[in-house]
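**Q** Before we start, here is the structure in question, set down as structure tokens.
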Amino acid sequence: MTTLNNVKDLAIQLMNKTFKVNAKGWTYDLSALDLGYYFEFSNKKRAFGTCNYVKKEISLSKPLCSVNLDKIDTQITDTILHEIAHAFCVHIYGTIDGRGHDWRWKSIAKQIGCNGERCYKIEDVNHTKSKYTYICKSCGRETPRHKKPTRTQACGICCQKHNFGRFSHDYVLELRVNY
Ligand SMILES: [Zn+2]
Ligand SMILES: [Zn+2]
């Protein structure tokens with residue numbers, strides 16, 4: 001049976017492994033442990049894995065690992081490699097260009113055996129902003145929207161609370177364009 005200890009062992013094993021990474025016309029021999037990274041479980045419930053370049057910490061969510069122990073060879077391995085790729089990318093390209101999931105990260109991720117996809121990483125949802133955000137000036141609630149809404153909308157919560165659930169111009173949502 002797979003346990004959290006197996007997950008930790010796997011993480012440290014992969015962090016200790018030296019990978020060959022081609023970037024900027026060079027071949028780098030890199031291991032996350034050599035770069036000073038250490039492993040830690042986190043209690044985050046929304047991010048499967050994180051890579052903190054400042055603390056040099058790669059972490060996996062204890063709650064999410066616990067319910068995905070059957071996926072140690074797939075999802076968990078891929079998540080560890082995903083985070084190691086972030087560590088390498090920041091090492092090679094610096095903290096400004098090396099951040100995020102662009103072609104630089106993708107190339108490194110694929111070279112070290114990660115699928116280079118951003119699937120099931122809820123952290124990526126946080127990185128990726130929606131195109132629009134609805135904001136209620138009254139209660140402060142923000143709702144992400146990927147498509148431009150076609151008509152005016154009011155805050156459901158505020159209308160419910162202050163206007164018997166009926167539409168009110170007092171609670172019309174403001175639309176912010178994020179990019
Ligand atoms: Zn990531
Ligand atoms: Zn509101």
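**Q** Could you work out the relative contact order of segment 41-108? I mean the mean sequence separation of Cα pairs under 8 Å and 6+ apart, divided by the number of residues, in percent.
**A** Relative CO of segment 41-108 lands at 25 percent.
**Q** On to the next question. Output the antiparallel fraction of DSSP beta bridges having both residues in the chain, as a percent to the nearest 5.
**A** On the way: 18 of 23 bridges.
Percent antiparallel among DSSP bridges in the chain is about 80.
**Q** Any of 24/45; 20/106; 17/45; 62/131; 45/71 with alpha carbons more than 25 Å apart? Name them for me.
**A** On the way: 24/45 36 Å; 20/106 15 Å; 17/45 28 Å; 62/131 32 Å; 45/71 17 Å.
In this structure, 24/45; 17/45; 62/131 exceed 25 Å between Cα atoms.
**Q** Going 7 Å from the Cα of residue 38 in the Cα-to-Cβ direction, what parts of segment 4-29 have a backbone nitrogen less than 17 Å from that spot?
**A** Hits in segment 4-29 for residue 38 at 17 Å: 8-9, 11-13, 15-16.
**Q** If you don't mind, there's one more thing I want to ask. Suppose the chain between residue 168 and residue 55 were pulled fully straight at 0.36 nm per residue; how much longer would it get relative to their current alpha carbon spacing? Could you put the intermediate results ahead of the total?
**A** Values: separation 113, 0.36 × 113 = 40.68 nm, distance 4.81 nm.
Answer, rounded to one decimal: 35.9 nm.
**Q** Related question: Among the lysines, which have Cα under 18 Å from the Cα of residue 55 when same-chain residues fewer than 8 positions away are ignored?
**A** Counting by Cα, and skipping residues close in sequence, residue 55 has these lysines nearby: 44.
**Q** In degrees from 0 to 90, rounded to the nearest 10, what is the angle of the helix 77-97 Cα long axis to the longest principal axis of the chain?
**A** Between helix and principal axis, roughly 80 degrees.
**Q** Give me the number: length gained by fully extending residue 178 to residue 24, i.e. 0.36 nm times residue separation minus the C-alpha to C-alpha distance, one decimal in nm.
**A** Working: separation 154, 0.36 × 154 = 55.44 nm, distance 3.19 nm.
52.3 nm is the gain from fully extending residue 178 to residue 24.
**Q** Pairs of Cα atoms under 8 Å, at least six residues apart: use those to get the relative contact order of the chain, whole percent. Write down the numbers at each step before the final one.
**A** Working: 267 pairs, mean separation 28.4, N = 179.
Contact order relative to length: 16 percent.
**Q** Using Cβ contacts closer than 10 Å as the measure, can you line up 101, 146, 82 from fewest to most?
**A** The most exposed by this proxy come first: 146, 101, 82.
**Q** As I understand it, the value is the acute angle between the Cα axis of helix 4-16 and the longest principal axis of the Cα atoms of the chain; what does it come to in degrees, rounded to 10?
**A** 60
**Q** In debye, nearest 20, what is the charge dipole magnitude of the chain about its Cα centre with +1 on Lys and Arg Cβ and -1 on Asp and Glu Cβ, if you could check? Mind showing how you got there, number by number?
**A** Details: 28 positive and 17 negative charges, 187 e Å.
That gives a dipole near 900 debye.
Just so you know, all these numbers are worked out from the coordinates, no wet-lab data involved. The model shown is predicted, which means the values in this text are computed figures rather than measured ones. Counting neighbours? That spans all protein chains shown, and the Cβs are built from the backbone with ideal geometry, glycine included.
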